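The values are calculated or read from the model by the stated rules, or taken from the named source; none is laboratory data. Since the structure is predicted, the reported quantities are computational estimates derived from the model, not experimental observations. Don't worry about glycine lacking a Cβ; one is built from the backbone with ideal geometry, like all the others, and counts go over all protein chains shown.
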């Protein structure tokens, strides 16, 4: 009788991982093209942003929508960082660009 909540928590964690992985890929892909070399810090920022975006919805959506949320989040937040750089303010860890967007 107690296995159902454990199973739901495990599936929720898998959905969060799917969103984080797609967010990492969507953060690294544009950086590979524009500056020419992706950084580990960029992937870490993508993972954090992907996890924070999908956490509330992960108990109610499937794997496909979780990956889609990570994909859209990766693009949206990455271009938020690009816009932040055009304004010219210094934010070394992109906290405003990731959490503020």
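One residue stands out among those in the range 34-68 that are under 14 Å from the mean Cα position of the chain (by Cα) and part of a loop (DSSP other than H, G, I, E, B): the one that is surrounded by the fewest Cβ atoms within 10 Å (Cβ to Cβ), which is 56. Taking the criterion of being more than 13 Å from residue 69 (Cβ to Cβ) and at pLDDT 80 or above, the residues of the range 1-30 that qualify are 12, 13, 14, 24, 25, 27, 28, 29, 30.
Name the residues in the range 81-95 that are within 22 Å of residue 16 (Cα to Cα) and assigned to a helix (DSSP H, G or I), would you? The one that is within 22 Å of residue 16 (Cα to Cα) and assigned to a helix (DSSP H, G or I): 95.
Look at the range 53-75: where a residue is over 8 Å from residue 23 (Cα atoms) and a partner is at pLDDT 85 or above and part of a loop (DSSP other than H, G, I, E, B), sitting 6+ places away or on another chain with Cβ atoms under 7 Å, you get 69/57. For the range 24-33, residues that are within 20 Å of residue 91 (Cβ to Cβ) and more than 10 Å from the chain's Cα centre (by Cα) total 3.
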